[in-house]
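Here the structure comes first, spelled out in structure tokens, and everything after it is commentary.
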Amino acid sequence: MQTDHIIKEVNKVIIGKQDQVEKIMMAILAKGHVLLEDMPGVGKTTLAKAFSQAMGLENKRIQFTPDVLPSDIVGFNAFDNKGNIVLHQGAAFTNLFLADEINRTSSRTQSALLEVMEENQITVDGVTYPVSEPFLVIATQNPFGSAGTQLLPESQIDRFMITLSLGYPDNDSEIEMLKRKQHPSEYEVKNVCTKEYLIQMQNETEQVFVHDDIMKYAVSLVHATRVHESITLGASPRGVLCLINMAKACAYMNHRNYVIPEDVKHNYFEVLMHRIQLEGKMNRDLEIKRKLLMEILNSVKEPALYK
């Protein structure tokens, strides 16, 4: 399958993170956006660029700082030397938009991404333009340094299909990374997929069959986050859609045209971790969130049809 070739290319520069790479590939197939929460220097930007190179996508990057403006993202109109109004396109006019350290810019600038991420369109001075297809946002943020940061609002967090953390590599992976840096030309990421073929794979992913029992299972998992006594704010209906779409992509990558409960569970934490809110400082404790979600996962009965 073509996805295997794409993942193989990305793994040339991202070592020892097979699970994370596969889940980002699933999010791309599901037409979703990805938020990478991690400390600096673990390869978040390298990962995003590797995917764009492997799939032949145009990519643009903005390093978010307090002085980045909404017009830097969506663009602006200006008069040319002949007196005509000309659109100067912003960074979002691309296939893969890398929003680096998104929590270091103003909330006004962050919100400029909302329409683009949700509607796949950009509005400049009242005129709406479609974004290129395929379109994907990979955003990064460092959750450990709070100085000079602006928390993403729940409405924007919810628009990311999954949240991932790469984490530090193990010793063997880090040694392998150093070895590959000595011969960079041998590990150059090659283009193994076209935009057109990626769109075809996305369309095929949409056609993966989901039984009603699987839908009820996904809804039950998400509904349980809304009634749990320890969870202040549960996942939205968009969370159910993302859970099902990621399950479809998981089935597709496993050469199936139908979803099973394992596909739902495989992406459960990545889809829901950023969609639940806890009281006070506990909301920053990812381990507590994971334990609560695991408790819900164990309490919701799987469809008997698949046992």
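The values are calculated or read from the model by the stated rules, or taken from the named source; none is laboratory data. Note that the structure is a prediction, hence the values are computed from the model and not measured. With ideal geometry, Cβ positions are generated from the backbone for all residues, glycine too; neighbour counts draw on all protein chains shown.
In the set Leu57, Leu69, only one residue is over 17 Å from the mean Cα position of the chain (by Cα), assigned by TED's automatic domain parsing to the domain that holds Ala112 and of a type in the set (A, V, I, L, M); that residue is Leu69. In segment 250-266, of all residues being surrounded by fewer than 22 Cβ atoms within 10 Å (Cβ to Cβ) and of a type in the set (A, V, I, L, M, F, W, C), the one that is nearest to Ala224 (Cα to Cα) corresponds to Ile260. So which pairs qualify, if the first residue must be in segment 178-196 and farther than 13 Å from Lys12 by Cα and hydroxyl-bearing (Ser, Thr, Tyr), the second must be modelled with pLDDT under 90 and surrounded by 13 or more Cβ atoms within 10 Å (Cβ to Cβ), the Cβ gap must be under 7 Å, and the two must be at least 6 apart or on different chains? Taking only residues 6 or more apart or on different chains, not a single pair turns up. As a summary of the residue check, Thr105 satisfies the conditions (1) more than 16 Å from the chain's Cα centre (by Cα); (2) crowded, with 20+ Cβ neighbours inside 10 Å; (3) at positive phi except for the one numbered (3). Among the residues in segment 78-95, are any of a type in the set (Val, Ile, Thr) and under 20 Å from Val116 (Cβ atoms)? Within segment 78-95, one or more residues are of a type in the set (Val, Ile, Thr) and under 20 Å from Val116 (Cβ atoms). Answer yes or no as to whether Lys31 is under 19 Å from Tyr129 (Cβ atoms), buried (at least 17 other Cβ atoms within 10 Å of the Cβ) and in the same structural domain as Asn120 (by TED's automatic domain parsing). Yes; evaluated as a whole, the condition is true for this residue.
Let me confirm something: among Ala235, Ala218, which residue is touching a helix residue (DSSP H, G or I) at 6+ places or on another chain (Cβ under 9 Å) and in a loop (DSSP other than H, G, I, E, B)? Unique residue meeting the criteria: Ala235. Residue count for segment 279-291, restricted to those that are surrounded by fewer than 20 Cβ atoms within 10 Å (Cβ to Cβ) and at pLDDT 90 or above: 3.
Would you be able to say whether some residue in segment 224-238 is surrounded by 14 or more Cβ atoms within 10 Å (Cβ to Cβ), over 19 Å from Arg290 (Cβ atoms) and among the hydrophobic types (A, V, I, L, M, F, W, C)? No, that holds for no residue. Determine whether segment 178-201 contains at least one residue that is modelled with pLDDT of 90 or more and small (Gly, Ala, Ser). No, segment 178-201 contains no residue that is modelled with pLDDT of 90 or more and small (Gly, Ala, Ser). Tell me, please, whether a residue that is among the β-branched types (Val, Ile, Thr), in contact (Cβ under 8 Å) with a residue 24 or more places away in the chain and surrounded by 14 or more Cβ atoms within 10 Å (Cβ to Cβ) can be found in segment 267-278. Yes, that holds for at least one residue.
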